[in-house]
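Everything on this sheet refers to the single structure shown next.
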């Protein structure tokens with residue numbers, strides 16, 4: 001694969017990474033506020049249903065955005081179209097599953113957050129490998145991929161945490177992911 005062509009391809013839809021980063025930042029703030037304030041006013045089952053709807057809609061929205069980006073990539077025969085399509089399918093399936101399984105527990109919240117972080121890390125690492133000739137992209141996406149994989153493993157191995165620390169940790173992770181995608185979009189744009 002020609003490296004310059006891959007970077008040019010990604011520059012065509014830099015906006016998808018920018019929107020994805022912006023959505024992650026908004027989700028991080030809403031999730032942090034929800035975990036901080038809703039637990040005070042409502043019992044845990046109501047809070048968990050709300051958090052399930054919030055997480056499911058974020059993951060599903062992320063999948064739909066990636067679907068638009070992969071449709072754009074296929075229409076223009078861009079090089080990373082299959083990677084984008086695979087990530088889109090993963091996010092859509094996970095978002096639908098979260099939406100269907102409304103009976104969320106603190107353990108299932110941590111489990112689903114772990115799967116989301118692992119998937120995010122795998123796709124970030126795959127994109128870093130595809131763009132390995134560009135050192136800045138390799139470092140940014142490679143480091144973000146390793147951190148995402150580590151966070152996913154931590155969520156999966158520490159699933160017995162109460163819902164509030166889990167949602168606050170997920171909020172911090174999404175804040176990190178949002179900043180990563182915005183920096184990546186900025187580097188593609190310039």
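The values are calculated or read from the model by the stated rules, or taken from the named source; none is laboratory data. None of the values given here were measured: they were computed from a predicted structure. Every residue, glycine among them, receives a Cβ derived from its backbone with ideal geometry; neighbour counts consider all protein chains shown.
Details
- When 138, 131 are checked against the criterion of being over 22 Å from residue 22 (Cα atoms) and over 15 Å from the mean Cα position of the chain (by Cα), 131 stands alone in meeting it.
Conditions (1) crowded, with 21+ Cβ neighbours inside 10 Å; (2) in a loop (DSSP other than H, G, I, E, B), marked per residue:
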{"site": "142", "(1), (2)": "no, no"}
{"site": "155", "(1), (2)": "yes, no"}
{"site": "159", "(1), (2)": "no, yes"}
{"site": "177", "(1), (2)": "yes, no"}
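- Segment 99-110: number of residues that are surrounded by 18 or more Cβ atoms within 10 Å (Cβ to Cβ) and either under 11 Å from the mean Cα position of the chain (by Cα) or assigned to a helix (DSSP H, G or I) (or both): 3
- Some residue of segment 62-78 being at pLDDT below 85, assigned to a helix (DSSP H, G or I), surrounded by 18 or more Cβ atoms within 10 Å (Cβ to Cβ) and touching a helix residue (DSSP H, G or I) at 6+ places or on another chain (Cβ under 8 Å): yes
- Yes/no for residue 96 being in a helix (DSSP H, G or I), under 16 Å from the mean Cα position of the chain (by Cα) and surrounded by fewer than 16 Cβ atoms within 10 Å (Cβ to Cβ): yes
- Within segment 111-134, being more than 13 Å from residue 149 (Cβ to Cβ) and part of a helix (DSSP H, G or I) holds for 111, 112, 113, 127, 129, 130.
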